[in-house]
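Worksheet: one structure, shown below.
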Amino acid sequence: MAIEKKNRTKNSNQKRQSKWDSRELGASPENVRVVSEAEASEIDDVMELQLISIRLQKQLIEDLKLIAKQEGIGYQPLIRQALTRFVRDSNLK
């Protein structure tokens, strides 16, 4: 029973994250503002995000930015989507 609840929560969080990444949520001008560090931390906790540091080739970053612009999202959400798809489609599960 607890595993089912955890899976439902995880699926709900993934759907919410997808809506943020696609800018379906939070992109309208009346909702745009800089959040406090406490609010940013709360958002990270709810979305189960963890800050990481990664070194990528400059050209790769530029290419990702171009693709992200075509998709209407930021390049970091694009990277998160690509990594999420890779893991989802792998045979780890």
Worksheet item: Considering only residues of the range 22-36 that are at pLDDT 75 or above and of a type outside the set (Gly, Ala, Ser), which is nearest to GLY72 (Cα to Cα)?
Response: GLU24
Practice prompt. For ASP45, work out the one condition from (1) in a helix (DSSP H, G or I); (2) touching a residue at least 24 places away in the same chain (Cβ under 8 Å) it doesn't fulfil.
Written response: (2)
Practice prompt. Kindly indicate whether any position in the range 68-83 is of a type in the set (Gly, Ala, Ser) and touching a residue at least 24 places away in the same chain (Cβ under 8 Å).
Written response: yes
Fill in: Tabulated pairs, the range 8-28, first farther than 18 Å from ASP45 by Cβ, second at pLDDT 75 or above and part of a loop (DSSP other than H, G, I, E, B), C-beta under 7 angstrom, 6+ apart or interchain
SER22/ILE73; ARG23/GLY72; ARG23/ILE73
Response to the item:
Residue hits (the range 27-42; more than 17 Å from the chain's Cα centre (by Cα) and assigned to a helix (DSSP H, G or I)) are PRO29, GLU30, ASN31, GLU37, ALA38
Worksheet item: Within the group ILE67, ILE54, which residue is surrounded by 10 or more Cβ atoms within 10 Å (Cβ to Cβ) and at pLDDT 75 or above?
Response: ILE67
Fill in: Output for the range 48-84, where each listed residue is within 16 Å of ASN13 (Cβ to Cβ) and in a helix (DSSP H, G or I)
PRO77, ARG80, GLN81, LEU83, THR84
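The values are calculated or read from the model by the stated rules, or taken from the named source; none is laboratory data. Computed from a predicted model, the values in this text were never measured in an experiment. Positions of Cβ are backbone-derived with ideal geometry, glycine not excepted, and every protein chain shown enters the neighbour counts.
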